[in-house]
Amino acid sequence: MTALLSFLSGNPAVLGVLVSFIAALGWGFHQRLAGAKAERDRQTKAEAAARDIANQVDNDTGTLPAEAVKKELKSWARD
């Protein structure tokens, strides 16, 4: 076992391959985290846009007469 460890740590070619492999794993992990962050940002923007539309609907509903509001809300209610 000592001979194997000595060979791996003493051989520059093997050491370079191991370092490259570890660097590639680190880069892949970083890319995965960056992709997850981009997806969270995309979802946050979509939720904000949906909230804006909901606020506009609420504001529009507030300007309607009472009977029109009841009629509008009935169309959205589940039976």
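Listing for the model above:
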| read-out | value |
| --- | --- |
| Cβ-placed point charges (K, R +1; D, E -1), dipole of the chain about Cα centre in debye, nearest 20 | 220 debye |
| Volume of the Cα convex hull of the chain, divided per residue and given in Å³ | 133 Å³ |
| Label-point separation, Ala50 to Val19 (7 Å along Cα→Cβ), nm | 4.9 nm |
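Read-outs throughout are calculated quantities, based only on the coordinates presented, and are distinct from any laboratory measurement. Since we're looking at a predicted model, the values are computed, not measured. Reconstructed Cβ throughout: ideal geometry from the backbone, glycine too, with neighbour counts over all protein chains shown.
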